[in-house]
Amino acid sequence: MSLDKIIVIIFGILGIAFTYWFFLMKKEKEVVVSESVDIIVEGGYSPEVISVPKGKTTKINFIRKDKSDCLEEVILPDFKVRKHLPLNQKVTIEITPNTSGEFRFSCGMNMFHGKIIVH
Amino acid sequence: MSRTLELQIKVASSLFLGGLILWGSFPGLMETAPAILRQFWVQLILATPVQFWAGLEFYQATIPALRHRTANMDTLVALGTTVAYGYSAVVTISPQVVKNIGIEPLPYFDVATIIIGLILLGRYFEAKAKAGTSEAIKKLIGLQAKTAKVLRDGKEIDIPIDQVVIGDVIRVRPGEKIPVDGEILDGESSIDESMVTGESIPVDKTKGDTVVGATINKSGTFTYKATKVGQETMLAQIIKLVQEAQGSKAPIQRIADLISSYFVPIVIMLALVTFGVWYVFGPSPAFLFALLNTVAVLIIACPCAMGLATPTAIMVGTGKGAEHGILIKDAESLETAHKIKTVVFDKTGTLTKGKPEVTDVVGDILQTAASLEKGSEHSLAEAIIRKGEAERVKFEKVTGFKAIPGHGVEGVINRQKVILGNRGFMEKEKVEVNGREIDKLENQGKTVMILAVNKKLAGLIAVADTLKDSAKEGVQALQKKGIEVVMITGDNQRTANAIASKLGIKTVLAEVLPDQKEEEVRKIQAEGKKVAMVGDGINDAPALATADIGIAMGTGTDVAIEAADITLINKDLRSVASAIELSKKTMRTIKLNLFWAFGYNIILIPVAMGILYPSFHILLNPIFASVAMATSSISVVTNSLLLKRFKM
């Protein structure tokens, strides 16, 4: 086998390993929220994982800075919320979770995800 | 600039410039093109604005996403087109580099530009189609009146609707929209409520009746007192419920959720595999085969179709229901409803109007019976009292009144002990009754009350409730679908059977006390059947909650909505079958969407990788990959929109 082919194989394997590590092995940083939190919507959600207290009302303010159509809606299915996020405007969603657990939220096309952890 | 206009300009420019490049570079076509278009440098100049101006949004989405270590469809498009554009730019600027590895220096600017143009075109159509899925909510919001004619300080003034407060007196003239919910104080009219409740026939209303905001006053002029404003009105509640349902997630979506989390990284890995395999094992020029097939894999993968498959159908389905007075609480209810095998109807107030009337009085007992019932709150007592008032009987004084639940009432009138109740009560009190007369009345579907004075039979009063107009058709519509219909009632078996036979219901659960209804529902569920319980939503709340689907004949304002999975605000019993049919149609659409979205990716990604090449020499041109990708999400949304055509 020629050298160029060996190099392509090595880089291919490294590329696959990197893709796996980069996208699928990231560690989620949990942000503890007591009353309200601003989530910036730009190429995903910042912060991506928030933890909120059980039985208390928490205000989640989504501010979309990303023009992508994909992120123009946010869905919190467990709280039955689907909201349109106008560009550069604050949209507040109030939740009062009564059960502990992890609840995912996503964009309208289910491509970008975030998580609400209820303690 | 609006998003639509922006997309239109970008699509037109990309396809125009891409078309020129294609003309100057596509074998068989390029010979007819002016020499200038065949110049690689000219193609680079034409392609650059498409790549970095029209295609800027793909980079703008990709870069912040990568910062979050996440990726979406834009990432794949950005990667794919950058690879095609980047290689072409190298070929144009330094053709020698490519020549040195034995490849003829030919650029692929047409691939990059046309892909961007077509994907943006797909996005434009997708945005238009997606707007159609939330039309129902927009329609409901649009129903709201803007102003109200309020009487304040003796003057009639026009004020914006958000300034109307509870207690305001509002005047409504013929043809006008009723601004908020309230109660008529003076006047009468016929009101078209179809836009809110889905009830097709205008309803006559007079003093004391409630009116619903956003409905239309047809004929008379009246004044009414506002009782609910803002978020408390029936329309606001309906909008909230539909919005909540559209924000909820159907269980069937779980698999799509799981796959979409891993989809884009897996496609990137498959693209790398494609490049490696073609480069190492592919025919000459291996590098070009590897490059083009890698671009095709990145472009053809369509995670959006999977993401859109379920929610778009749920949005159209719940919206369609709301337009016809069927409020579905959430996506899960909509999903479960199609599995219903048995529908249990509560009799009083659901199959019947819930306003019983006295039909027969045997013996001269109306005065005594009406006097005794004065202390009772039972709906049958109301019927007897109404009859007494209509006959202008003189109500006598009752002492020692007592209601015995499930049996009847007793008291003392003119120093004589009087009891009024059912057969069981008489047996308990050892009163001999005329069985044949009672049987005859009960066989006609009437509820018979027996009156005894000092333990001796004095007479009978028969009471009957009228069936709702839609009851028979509602039951038949379900039976036609092969769904078992059961009637549940506290009435005795004979009366219940008589009513059930009028409706064609074969299974009757009679003499069931209110707190036993839940247990009866459980018994049917234990047979392995999915059960829907139809009730008024207030008295049957536990049974509604126990059933797989609780259907309330609600007014849309009270607790009924909370207790039920589906609320029929049109009060039409035929809508039970319609709701189940809507669920079936929605589920069929979702399954077809998911089948298409998964099938598309499962079949076409391997084709783009070149799996058909060894046997059939078939490869997928990246431009065709972009056509397929753009149409796949549009087709899913369009398929969901087809649900709108379903006739209810």
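The values are calculated or read from the model by the stated rules, or taken from the named source; none is laboratory data. The structure presented is a predicted model; accordingly, all values stated were derived computationally and were not measured. As a convention, Cβ positions derive from the backbone with ideal geometry for all residues, glycine included, and neighbour counts pool all protein chains shown. Protein only, heavy atoms only, side chains kept; ligands, DNA and RNA dropped before computing areas. Shrake-Rupley method; radii C 1.70, N 1.55, O 1.52, S 1.80 Å.
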Within the stretch B:318-353, DSSP-loop GluC sites (Glu not before Pro) with at most 16 other C-beta atoms within 10 Å are none
A correct Stokes-Einstein calculation for chain B, using the alpha-carbon Kirkwood radius, 25 °C and 0.890 mPa s, returns a whole-number D in µm² s⁻¹ of 82
With +1 on the Cβ of every Lys and Arg and -1 on the Cβ of every Asp and Glu, the dipole magnitude of chain B about its Cα centre, in debye rounded to the nearest 20, is 620
Restricting to aspartates and glutamates and to Cα separations under 13 Å from A:LYS59, and discarding same-chain partners fewer than 8 apart, the set is A:GLU35, A:ASP38, A:GLU94
Too long for a 19 Å Cα-Cα cut-off, among B:LYS249/B:LYS591; B:LYS149/B:LYS228; B:LYS428/B:LYS517, are B:LYS428/B:LYS517
Counting only DSSP beta bridges fully inside the stretch A:30-118, the antiparallel percentage to nearest 5 is 60
By the mean-Cβ-within-10 Å protection proxy, highest first, B:516-528, B:148-160, B:472-484 rank as B:472-484, B:516-528, B:148-160
Given the candidates A:THR96, A:GLY114, A:VAL41, the one whose Cα lies deepest towards the positive end of the charge dipole of the stretch A:30-118, counting +1 at each Lys or Arg C-beta and -1 at each Asp or Glu C-beta, is A:THR96
One finds the C-alpha centres of the stretch B:475-511 and the stretch B:66-100 to be spaced, in Å, by 69
If one compares the long axis through the Cα atoms of helix B:471-480 with the longest principal axis of the Cα atoms of chain B, the angle in degrees, nearest 10, works out at 50
Env charge @ B:THR233, Cβ radius under 12 Å, K,R +1 / D,E -1, value -1
Shielding of B:297-308 by other chains, given as the mean Cβ count within 10 Å, works out to 2
Between the residues B:GLY19, B:LEU451, B:PHE395, the Cα farthest towards the positive end of the dipole of the protein assembly as shown, that dipole coming from +1 and -1 charges on the beta-carbon of Lys, Arg, Asp and Glu, is from B:GLY19
One would report the antiparallel percent of DSSP beta bridges in the protein assembly as shown, rounded to the nearest 5, as 70
Rounded to the nearest Å, the spacing of the alpha-carbon centers of the stretch B:201-263 and the stretch B:563-631 is 29
Between the modelled labels at B:GLU188 and B:ASP153 (7 Å from Cα along Cα→Cβ) the distance in nm is 3.6
With the 1.4 Å probe rolled over protein heavy atoms, the protein assembly as shown has an accessible area per residue in Å² of 45
On the accessible surface of the stretch A:30-118, probed at 1.4 Å with all protein chains in place, carbon and sulfur together account for a percent value of 44
Debye calc, one equal point scatterer per Cα of the protein assembly as shown, no solvent, log10 I(q)/I(0) at q = 0.07, 0.09 1/Å comes to -0.67, -0.94
Treating only Lys and Arg (+1) and Asp and Glu (-1) as charged, each at its beta carbon, one finds that the stretch A:30-118 has a dipole about its Cα centre, in Debye to the nearest 20, of 220
Dividing the surface of the Cα convex hull of the stretch B:134-285 by four yields a projected area in nm² of 15.4
proj_area_mean for the stretch A:30-118 (convex hull on C-alpha atoms), units nm², value 4.7
Reduced to Cα centres, the span from the stretch B:146-185 to the stretch B:433-447 in Å works out to 52
For the stretch B:25-137, using Cα atoms only, the Rg and Dmax in Å read 17.5, 62
One would report the antiparallel percent of DSSP beta bridges in the stretch B:430-557, rounded to the nearest 5, as 50
With the charge dipole of chain B built from beta-carbon charges (+1 for Lys and Arg, -1 for Asp and Glu) about the Cα centre, the Cα from B:LEU612, B:ILE365, B:ASN414 projecting farthest to the positive end belongs to B:LEU612
For chain B, the percent of accessible surface on carbon and sulfur atoms (probe 1.4 angstrom, ligands and nucleic acids excluded) is 58
